[in-house]
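Take a look at the structure below.
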């Protein structure tokens with residue numbers, strides 16, 4: 001297997017004096033979909049906030065072979081490490097296309113704006129139909145599509161998606177999972193952070209199970225889906 005695109009070793013982070021992540025380590029390899037699953041409060045969102053440098057952290061984090069210590073969130077964005085936050089965080093009073101164009105703030109993406117728009121509209125045809133509509137007037141599923149497409153507009157190397165399925169109908173979740181499979185074939189790596197363990201393990205190549213700020217299980221997603229302990233704790237089986 002190739003060297004990891006994202007390599008996290010002994011990561012510690014939290015909020016003030018409250019430590020949430022305890023010497024957490026994981027790898028994400030190029031063109032993988034890796035799921036990070038666990039119950040609410042396990043520390044999944046804290047991990048993404050630390051990786052995006054929205055929280056202070058200690059440890060060793062490398063992206064594409066480069067240490068991320070001391071880099072600003074904007075610099076990470078420019079390097080191709082992009083997050084789709086929980087709750088989508090679109091600009092409701094801006095149009096769908098205006099939201100998408102915000103994803104081109106990275107220098108290289110600005111040079112291929114039209115190509116990236118066409119790519120995103122190809123992935124999500126409904127967004128092209130809604131391109132002049134206010135983002136806040138779309139359904140939850142359509143808004144999540146817009147949030148993912150906005151991230152893809154930046155030509156990312158790795159997209160970290162936080163709770164993609166939250167509040168969405170199953171048909172919308174299935175459509176988004178299909179899109180993740182497709183963008184993976186186009187060379188985009190995905191770290192999918194999910195409380196919906198069934199959906200995450202269904203789409204991922206590998207997965208990590210997180211509890212109380214620690215990784216407690218890891219392996220091929222299909223193996224974890226068949227793990228009796230994972231079935232009992234997370235799948236209700």
(request) Identify, from the list 8, 61, 28, the residue that is crowded, with 19+ Cβ neighbours inside 10 Å, closer than 30 Å to residue 125 by Cβ, in contact with a strand residue (DSSP E or B) (Cβ under 6 Å, 6 or more places away or on another chain) and not assigned by TED's automatic domain parsing to the domain that holds residue 145. (result) 28
(message) Please list, ordered by residue number, the strands (runs of 3 or more DSSP E) wholly in segment 14-125 having 2 or more residues that are over 21 Å from residue 147 (Cβ atoms).
(response) 18-28, 57-63
(message) Give all pairs with beta carbons closer than 6 Å in which a residue from segment 69-96 that is in the same structural domain as residue 52 (by TED's automatic domain parsing) and on the phi > 0 side of the Ramachandran plot meets a residue that is at pLDDT below 95 and loosely packed, with under 13 Cβ neighbours inside 10 Å; count only pairs at least 6 apart in sequence or on separate chains.
(response) none
(message) Just to verify a result, which residue in segment 126-139, among those that are outside any helix (DSSP H, G or I) and exposed (fewer than 14 other Cβ atoms within 10 Å of the Cβ), is modelled with the highest pLDDT?
(response) 132
(message) So for segment 140-155 (the condition being surrounded by fewer than 17 Cβ atoms within 10 Å (Cβ to Cβ) and either in contact with a helix residue (DSSP H, G or I) (Cβ under 9 Å, 6 or more places away or on another chain) or at negative phi (or both)), does at least one residue qualify?
(response) yes
(request) Would you point out which residue out of 227, 196 is within 22 Å of residue 82 (Cα to Cα) and modelled with pLDDT under 95? (result) 196
(request) Having 3 or more residues that are surrounded by fewer than 16 Cβ atoms within 10 Å (Cβ to Cβ) is the bar; report the helices (runs of 4 or more DSSP H) wholly within segment 174-237 that clear it. (result) 228-234
(message) Just checking, does segment 127-140 include any residue being under 23 Å from residue 50 (Cβ atoms) and more than 13 Å from the chain's Cα centre (by Cα)?
(response) no
(message) What's the number of the only condition in (1) modelled with pLDDT of 95 or more; (2) buried (at least 23 other Cβ atoms within 10 Å of the Cβ) that residue 164 fails to meet?
(response) (1)
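The values are calculated or read from the model by the stated rules, or taken from the named source; none is laboratory data. What you are looking at is a predicted structure, and each value in this text was computed from that prediction instead of being measured. In this analysis, Cβ positions are derived from the backbone assuming ideal geometry, glycine residues included, and neighbour counts consider all displayed protein chains.
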